[in-house]
Amino acid sequence: MTYQDQIRKLKEEIEELKELVLELRNEVSMIDSEISSVGLEIRAKADTRDVRDAIIRLGEKTNVDARLFL
């Protein structure tokens, strides 16, 4: 195998590696989006729970049945 053949083979391997890196970047991007989505969902649920708890506490302080507001 000549140097030209080795260089050509290395260039082909580099192109294959570039494609793999691009695929991995896309997968990482999708995973990152999913993680962000789950994080937003968790925050929304926590906010909802906080509001619910606040309504219940307010109901307890004012002797109002908080279930009317939930």
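The values are calculated or read from the model by the stated rules, or taken from the named source; none is laboratory data. Nothing here was measured: the structure is a model prediction, and the numbers come from that model. All Cβ positions, glycine included, derive from the backbone under ideal geometry; neighbour counts span all protein chains shown. Just the protein is used for accessible areas: all its heavy atoms, side chains included, with ligands, DNA and RNA removed. Shrake-Rupley method; radii C 1.70, N 1.55, O 1.52, S 1.80 Å.
The residues of the range 55-64 that are surrounded by fewer than 10 Cβ atoms within 10 Å (Cβ to Cβ) and either under 14 Å from the mean Cα position of the chain (by Cα) or in a loop (DSSP other than H, G, I, E, B) (or both) amount to a single one, Asn63. Which members of the range 11-40 meet the condition of being over 14 Å from the mean Cα position of the chain (by Cα) and open to solvent by 90 Å² or more (accessible area, probe 1.4 Å)? The answer is Lys11, Glu12, Glu15, Glu16, Leu17, Lys18, Glu19, Leu20, Leu22, Glu23, Leu24, Arg25. Only one entry of Arg52, Arg8, Arg43 meets the criterion of being touching a residue at least 12 places away in the same chain (Cβ under 8 Å) and either surrounded by 10 or more Cβ atoms within 10 Å (Cβ to Cβ) or within 14 Å of the chain's Cα centre (by Cα) (or both), and that entry is Arg52.
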